[in-house]
Amino acid sequence: MNLNYFFRYKEGLPYTIDPTRSTLLSSGTMLITDVERGDAGSYRCTASIGNQAVHATARVSVRGIVLCN
């Protein structure tokens, strides 16, 4: 059986990963590039295998944005 990871909720609302800025790595880590202030919030991840699942919540803060020319 394969282990599956899903990021389903941000701030309690359904969330879909933006493939132009976010990647779900095989480890289950969500990598966000080109971070924006709107990316901040509480994310809920579900990992499942077969009919078993566990959930974890992470709080993401965006403290500053570096602009490069």
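The values are calculated or read from the model by the stated rules, or taken from the named source; none is laboratory data. Not measured: the values here are computed from a predicted model. Neighbour counts run over all protein chains shown; Cβ positions are idealised from the backbone, glycine included. Ligands, DNA and RNA are stripped out before the accessible areas are found, and what is left, the full protein with its side chains, is counted by its heavy atoms. Shrake-Rupley method; radii C 1.70, N 1.55, O 1.52, S 1.80 Å.
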Would you please list the contacts, defined by Cβ atoms under 6 Å and residues six or more apart or on different chains, that run from a residue in segment 32-43 that is over 18 Å from LEU13 (Cα atoms) to a residue that is assigned to a helix (DSSP H, G or I) and not hydrophobic (A, V, I, L, M, F, W, C)?
ILE32/ASP39
GLY50 meets each of (1) at pLDDT below 85; (2) on the phi > 0 side of the Ramachandran plot; (3) not aliphatic (A, V, I, L, M) with one exception, condition (1)
Residues of segment 53-69 that turn out to be assigned to a strand (DSSP E or B) and open to solvent by 70 Å² or more (accessible area, probe 1.4 Å), as a count:
4
Residues of segment 13-52 satisfying the condition of being open to solvent by 60 Å² or more (accessible area, probe 1.4 Å) and of a type outside the set (S, T, N, Q):
LEU13, PRO14, PRO19, LEU24, LEU25, LEU31, ASP34, VAL35, GLU36, ARG37, ARG44, ILE49
If the Cβ limit is 7 Å and pairs must be 6+ apart or interchain, which residue in segment 47-64 that is of a type in the set (A, V, I, L, M, F, W, C) pairs with which residue that is open to solvent by less than 80 Å² (accessible area, probe 1.4 Å) and not in a strand (DSSP E or B)?
ALA47/GLY28; VAL60/ASP39; VAL60/ALA40; VAL62/VAL35; VAL62/ASP39; VAL62/ALA40
